[in-house]
Amino acid sequence: MPLAAIGGFKLAWRNLWRNYRRTLIMLVAIVVAVWAMIFMTALMRGMTNDMVVSGLKALPGFVQVHHSAYRDDPSVVNSFAMPDAAFRKAMSALPVTDWAVRIKVPAVIASERDTRGVTLLGIDADKEQAFGFTKEQIIAGHYLAEPTAQEQDRKGIVIGQKLLEKLETKLGRRIVIMSQDPDNNLVDRGFIISGIYSSSIPGFEEHHVYADRQYIEKMLHIPNQISEISILGSNYHDVTALTAYVKSHAPISLETLNWLELDTYLSMMSKVMDSYALVWILVIFLALSFGLINTLMMAVFERIREIGLMRALGMRGTGIIKILLLESSMLLVLGLIIGNALSLLMLYLIRDGIDLSAVADGMAMFGYGAVLHAQFIFSDMLLANGVVITLGLLICLYPAWKASRYDPVVALNKY
Amino acid sequence: MILTFAWRNLWRHKTRTWLTISAMVFSNVLLVFMFSLQSGTYNMMINNSLDVFSGHLQLQDRRYLDQPKQRYDINHVSQLAMQIRQALSSDAVSIRGSAFSLLSSESRSFGAQVIGVQPAFDQYTSTISGVVKQGRYLTSSDTDAIILGRILAKNLKLTVGDTVTLLGSDREGSIAAGVVTVVGIFSSGMPALDRNIAQISLPYFQSLFYSENRANYIVIKTADPLALSHAKNIIAPLLDAIATKDPQQQLVLRDWDALQPGIKQAIQADIGGAIFMYFILILLVSFSVMNTQLMSVLERTREFGTMMALGLRPSNISRLIMLETSVMALIGLVLGVAIGMAITVYLYFNGLTYEGMEEMTEKFNMADRIYPQISLFGAFAGPLVVMLFSCFATLYPVWKIRRLTALNAMRAV
């Protein structure tokens, strides 16, 4: 049996290369198709991933806790008390990897030249690092001081580069922040611009200013109150366990939501991408299948006499099907190997990302970054390979089945 | 004669020919449909983003785009707007002043962009007049009336009839303040506008912000946002006249691409990705055609030998093969365009919607259904490229014939 199997392999292999031009053309087609499936899917995945990651940075966090009315009316009135010791203890255990609290209220910023509307964020400098706003973003001046620092060191404000330009002001200059306290009194306070940051998220740096949380607390007259709690987990793909965990520990009166619920556009895009990858793989396969079936039909057709002879010599229909399927699977597997290797090689070559800064604003409009990073997911490669080999063999079954049904007498007498 | 020949040759292998044609039809249908859908989407993106507020062209001070300061404005603005209206013979030319102000209701304060508009003309340049959901739109005689975006009104906890205090700085930098009554609340569907925009009438704006007969920009809407050169050419001499009369005034005409650079680039990025995908599709079809025709040539070598012995030259046979491909491609084109257009026309009347569309359209200010755009170019561009590539792919089999001699060919199996 092993010998017969090897013989069958040899026969199929030789048959494949009898008409090497045809086989080569088909092979190239399969390689292009497999490459397009894997490479393009990885690019699309990368785009979605970039988008979600930057979206999570703007949010920030995987799960957020708010006053139940805050999302509708993000005002200082809808603040809530700092979490108690029990909650803090719960947040120091897995699945929570990091968490931070902040005050987030609408405010007006005024320089001597101009006035603008912004979102004022009161943050804890030591906690915020793991979230969207990091020290690396500071392009001039310095980051906010740690909460342990002296109060006069914590009076600075960090604003975006774009906002700085619009306000026609400079590092070290004074600006005035105006907002409201819970009793609807206008509160204002002068700040020294202590740092300037830049953000890759478009429009972000124009609308967000950062200051020390405890200082803002005093300014807004909300002692020990915050607007939101952000929580990070280990994997943004699966946040159900994290959400349930946070929900079970947070006060019931508060609203606990994960990013899928907070940003419906983002969650929808990541869902759409999953089905899109499958559609793309199937479309490419369909385009390929016409050529595949045609080539195999021709391969059978020109060997009608030969197949008739084999039948006359006693080979059964199933044997013919086996040989022809072996031939097709050799072609498919060879195409898959080269196609996979080619896509992996190309993905390796672009591992640092493709620079798309020429259309950066447009990419930003979709929420993508200017540098496109491909994201290779093994299951996508498995899917592409699975589709090609399974559907490919299924398609090849038709000509093979036809060949197996030839009447040897008729077949031998052709031509 | 040669056509009959080609035609008959094709149907010698019915299944093979139909399979090759099917490959073409499949890609053609996809191309026609996707192309129409994309241009429909792009048009919606452009129209919806621009029609709501920003218009197709804006006449501004040279510095205003980068630094939207109130003092970078246009002097003698109403005369200029009048001239443009006459030159274009269009009413879709309107003047706007723009100033950032703090709006305070009884319980809340929010910063917003306060726009002074000409209600009589702004209704042609912006769709906001049509999306006032509560109360009414502004009239030219309004003095202390204001309309607010939906989110802004909600944030300020204001409804129609309430008063709101407006606090900003005027052209000279001194404080400008007024008390106005909310007469209407609009919902444009664009969160950025609904959150940030409040409108008052232009005369009131000019008196409040101390800018008599001045405004920040003139917005112009044309018939076709993709063909602006006509309007630009008409307006250019007017600007030249101003530049010679008043060297202080440096006005420029900005088109929507400069005002909202994201839209055009988003379209370009999308087209780039799509072209790449189409190209792979077409490539696969071409391989299929190349293989079919190569086989067809190889299996007929003997036959070609006989034909050559009878006096036909290789070039005649090449032409025959090319004709066969062209006939196949033509059938593929006709069927592909027919089926593709049938789908497109159906969707043209019924619109297309899919899961997740609502989130997408909200982000890009589109209606909740996409309507593909039907055009001659969209229907035939893709299929013609497929046809071209098919003929191109046939060059390889044809090239093999060139070297054929009658004697060799007749010896072939």
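Could you count how many residues in segment B:171-201 are closer than 17 Å to residue B:148 by Cβ and not in a strand (DSSP E or B)?
Going through segment B:171-201 one residue at a time, the tally reaches 10.
Tally the residues that are open to solvent by less than 30 Å² (accessible area, probe 1.4 Å) and either of a type in the set (D, E, K, R) or more than 8 Å from chain B (Cβ to nearest Cβ) (or both), restricting the search to segment A:271-282.
So the count comes out to 3.
Looking at segment B:160-167, is at least one residue over 30 Å from the mean Cα position of the chain (by Cα) and within 11 Å of chain A (Cβ to nearest Cβ)?
Within segment B:160-167, one or more residues are over 30 Å from the mean Cα position of the chain (by Cα) and within 11 Å of chain A (Cβ to nearest Cβ).
Rundown of residues vs (1) without any contact (Cβ under 8 Å) to a residue 40 or more places away in the chain; (2) more than 12 Å from chain B (Cβ to nearest Cβ), yes/no style:
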site	(1), (2)
A:249	no, yes
A:256	no, yes
A:286	yes, no
A:291	no, no
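Checking residue B:11 against (1) touching a Ser or Thr at 6+ places or on another chain (Cβ under 9 Å); (2) crowded, with 17+ Cβ neighbours inside 10 Å; (3) closer than 30 Å to residue A:301 by Cβ: exactly one of these is not met. Which one?
Against the list (1) touching a Ser or Thr at 6+ places or on another chain (Cβ under 9 Å); (2) crowded, with 17+ Cβ neighbours inside 10 Å; (3) closer than 30 Å to residue A:301 by Cβ, residue B:11 comes up short only on (2).
Every residue, every condition in (1) part of a helix (DSSP H, G or I); (2) open to solvent by 30 Å² or more (accessible area, probe 1.4 Å); (3) touching a Phe, Trp or Tyr at 6+ places or on another chain (Cβ under 8 Å), yes or no:
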residue	(1), (2), (3)
B:235	yes, no, no
B:248	no, yes, no
B:273	yes, yes, no
B:277	yes, yes, yes
B:280	yes, no, no
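Across segment B:250-271, what is the number of residues that are open to solvent by less than 30 Å² (accessible area, probe 1.4 Å) and either free of Cβ contacts under 8 Å to residues at least 60 places away in the same chain or under 13 Å from the mean Cα position of the chain (by Cα) (or both)?
Total meeting the criteria: 6.
Every residue in segment B:104-162 that is of a type in the set (D, E, K, R) and not in a strand (DSSP E or B), please.
Residues satisfying the conditions are B:106, B:108, B:122, B:136, B:142, B:144, B:150, B:154, B:157, B:162.
When segment B:202-233 is examined, which residues are found to be under 28 Å from the mean Cα position of the chain (by Cα) and open to solvent by less than 20 Å² (accessible area, probe 1.4 Å)?
If the condition is that a residue be under 28 Å from the mean Cα position of the chain (by Cα) and open to solvent by less than 20 Å² (accessible area, probe 1.4 Å), then B:216, B:217, B:218, B:219, B:220, B:225, B:228, B:231 are the ones that fit.
Could you pull out the residue among A:104, A:162 that is open to solvent by 20 Å² or more (accessible area, probe 1.4 Å) and either farther than 20 Å from residue A:197 by Cβ or assigned to a helix (DSSP H, G or I) (or both)?
Checking each option against the conditions leaves just A:162.
Please pick out the residue among B:193, B:167 that is over 16 Å from residue B:94 (Cα atoms), in contact with a Leu (Cβ under 8 Å, 6 or more places away or on another chain) and either basic (Lys, Arg) or modelled with pLDDT under 90 (or both). Break it down into steps so the answer makes sense when it comes.
Numbers: B:193 fails: in contact with a Leu (Cβ under 8 Å, 6 or more places away or on another chain).
Going through B:193, B:167 in turn, the sole match is B:167.
From the list B:319, B:313, pick out the single residue that is touching a residue at least 24 places away in the same chain (Cβ under 8 Å) and among the basic types (Lys, Arg).
Exactly one of B:319, B:313 is touching a residue at least 24 places away in the same chain (Cβ under 8 Å) and among the basic types (Lys, Arg), namely B:319.
Can you tell me which residue is least open to solvent (accessible area, probe 1.4 Å) among those in segment B:300-317 that are within 14 Å of chain A (Cβ to nearest Cβ) and assigned to a helix (DSSP H, G or I)?
Looking at the filtered set, the residue picked out is B:301.
Rundown of residues vs (1) over 26 Å from residue A:51 (Cα atoms); (2) open to solvent by 70 Å² or more (accessible area, probe 1.4 Å); (3) over 35 Å from the mean Cα position of the chain (by Cα); (4) touching a residue at least 12 places away in the same chain (Cβ under 8 Å), yes/no style:
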site: A:195; (1), (2), (3), (4): yes, no, no, yes
site: A:201; (1), (2), (3), (4): no, no, no, yes
site: A:210; (1), (2), (3), (4): no, no, no, yes
site: A:228; (1), (2), (3), (4): no, no, no, yes
site: A:233; (1), (2), (3), (4): no, no, no, yes
site: A:252; (1), (2), (3), (4): yes, yes, no, no
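Being open to solvent by 40 Å² or more (accessible area, probe 1.4 Å) and either within 30 Å of residue B:162 (Cα to Cα) or within 14 Å of chain A (Cβ to nearest Cβ) (or both) is the filter here, so list the residues in segment B:60-99 that pass it.
B:63, B:65, B:66, B:67, B:68, B:71
Is it true that residue B:320 is of a type outside the set (Ser, Thr, Tyr), more than 10 Å from chain A (Cβ to nearest Cβ), assigned to a loop (DSSP other than H, G, I, E, B) and on the phi < 0 side of the Ramachandran plot?
no
When you scan segment B:289-299, do you find a residue that is modelled with pLDDT under 85 and surrounded by fewer than 20 Cβ atoms within 10 Å (Cβ to Cβ), even just one?
Within segment B:289-299, one or more residues are modelled with pLDDT under 85 and surrounded by fewer than 20 Cβ atoms within 10 Å (Cβ to Cβ).
Restricting to helices (runs of 4 or more DSSP H) lying wholly in segment A:241-346: which have 3 or more residues that are over 30 Å from residue B:297 (Cβ atoms) and not hydrophobic (A, V, I, L, M, F, W, C)?
A:264-301
Test of understanding: among A:146, A:136, which residue is within 36 Å of the chain's Cα centre (by Cα), among the acidic types (Asp, Glu), more than 14 Å from chain B (Cβ to nearest Cβ) and more than 26 Å from residue B:262 (Cβ to Cβ)? It would help to see each step written out before you state the result.
On the way: A:136 fails: more than 26 Å from residue B:262 (Cβ to Cβ).
None of the others qualify; the one that does is A:146.
Limited to segment B:168-194, what total is found for residues that are surrounded by fewer than 18 Cβ atoms within 10 Å (Cβ to Cβ) and within 14 Å of chain A (Cβ to nearest Cβ)?
8
Please go through segment A:113-126 and give me each residue that is touching a helix residue (DSSP H, G or I) at 6+ places or on another chain (Cβ under 9 Å) and either within 14 Å of another protein chain (Cβ to nearest Cβ) or open to solvent by 30 Å² or more (accessible area, probe 1.4 Å) (or both), ordered by number.
If the condition is that a residue be touching a helix residue (DSSP H, G or I) at 6+ places or on another chain (Cβ under 9 Å) and either within 14 Å of another protein chain (Cβ to nearest Cβ) or open to solvent by 30 Å² or more (accessible area, probe 1.4 Å) (or both), then A:113, A:114, A:115, A:116, A:117, A:118, A:119, A:120 are the ones that fit.
Assess whether residue B:118 counts as being in contact (Cβ under 8 Å) with a residue 60 or more places away in the chain, open to solvent by 30 Å² or more (accessible area, probe 1.4 Å) and within 14 Å of chain A (Cβ to nearest Cβ).
Spelling it out, it is not the case that residue B:118 is in contact (Cβ under 8 Å) with a residue 60 or more places away in the chain, open to solvent by 30 Å² or more (accessible area, probe 1.4 Å) and within 14 Å of chain A (Cβ to nearest Cβ).
Only one of B:102, B:158 is out of contact with any Gly (no Cβ under 8 Å at 6 or more places or on another chain) and open to solvent by 10 Å² or more (accessible area, probe 1.4 Å). Can you tell me which?
Every option except B:158 fails the conditions.
Looking at segment B:37-54, is at least one residue in contact with a Lys or Arg (Cβ under 6 Å, 6 or more places away or on another chain), open to solvent by less than 30 Å² (accessible area, probe 1.4 Å) and away from chain A (no Cβ under 14 Å)?
no
Residues to consider are A:313, A:332, A:345; find the one that is more than 34 Å from the chain's Cα centre (by Cα) and away from chain B (no Cβ under 14 Å).
A:313
Exactly one condition in (1) hydrophobic (A, V, I, L, M, F, W, C); (2) outside the structural domain of residue B:239 (by the TED database); (3) surrounded by fewer than 19 Cβ atoms within 10 Å (Cβ to Cβ) is not met by residue B:24; state its number.
Status for residue B:24: all satisfied but (3).
The values are calculated or read from the model by the stated rules, or taken from the named source; none is laboratory data. Keep in mind that what you see is a predicted model, and the values were worked out from it rather than measured. Neighbour counts are summed over all protein chains in view; Cβ atoms, including those assigned to glycine, are modelled from backbone coordinates with ideal geometry. Accessible surface is based on the protein model in full, side chains and every heavy atom, while ligands, DNA and RNA are left aside. Shrake-Rupley method; radii C 1.70, N 1.55, O 1.52, S 1.80 Å.
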